[in-house]
Amino acid sequence: MSDFTHNNIQGWCDYEDLYTRVVSEHLKDGNVAVEVGAWLGRSAAFFMSELKRQGKNVKFYCVDLFAGEQDDGYMNSVVADNGGSILKLFEENMVKCGHGGCYTTIVGDSAGSASQFENCSLDFCFVDANHSYENVKRDVLSWIPKMKKGSIMAGHDVDRPSVSSAVSDCFGITWQKISERCWIRRF
């Protein structure tokens, strides 16, 4: 077994508690989960490690353009250094963590990729792609119809005004902030 874990992957994942709770308390074998915004795979690797640790057989999708975020110089430099796409780095990280073949990658725009899923087909969706107000709102509205009754949608960076405003405009008062940086909505 490799010593390479999600902690070895550059990126963000300050929501391990949320992912652990969702896997243990909410997801069941045969469920479908989507992470919207994967970057280099740190949080996806953690999620898949939790699925394995808890013995859950969940179909997991990672959706990303693998091209950074237009207004983020750091991300853009990493993407440029890798020929315009970080998909290969993402996939290498998943293999190093022992997760090759444990997920399905969808390379595409977050909101547009939602059309690949039937309505009422998802049990969990985590939204953490482009953080502009317009994009967050578009992403959330695109994924809402895909959520089953009893499902959970959550997201990151709610400490950013653009994200909290978009989430509020989509859900009114029916969502809640569950940590300094995460939000959740139950359906």
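The values are calculated or read from the model by the stated rules, or taken from the named source; none is laboratory data. All figures in this text were calculated on a predicted structure; none of them were measured in a lab. Glycine also receives a Cβ, built like all others from the backbone with ideal geometry; neighbour counts cover every protein chain displayed.
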For segment 34-50, give me each residue that is in contact with a helix residue (DSSP H, G or I) (Cβ under 6 Å, 6 or more places away or on another chain), under 21 Å from residue 7 (Cβ atoms) and not in a loop (DSSP other than H, G, I, E, B). 35, 42, 45, 46, 47, 50
From the options 41, 30, residue that is touching a residue at least 24 places away in the same chain (Cβ under 8 Å) and surrounded by fewer than 20 Cβ atoms within 10 Å (Cβ to Cβ): 30
Picking from 58, 95, the residue that is of a type in the set (A, V, I, L, M) and either in contact with a strand residue (DSSP E or B) (Cβ under 8 Å, 6 or more places away or on another chain) or within 13 Å of residue 35 (Cα to Cα) (or both) would be 58
Of the residues 95, 79, which single one is touching a Gly at 6+ places or on another chain (Cβ under 7 Å) and free of Cβ contacts under 8 Å to residues at least 40 places away in the same chain? 79
Filtering segment 68-98 down to residues that are farther than 21 Å from residue 47 by Cβ and outside any loop (DSSP other than H, G, I, E, B), which residue is modelled with the lowest pLDDT? 73
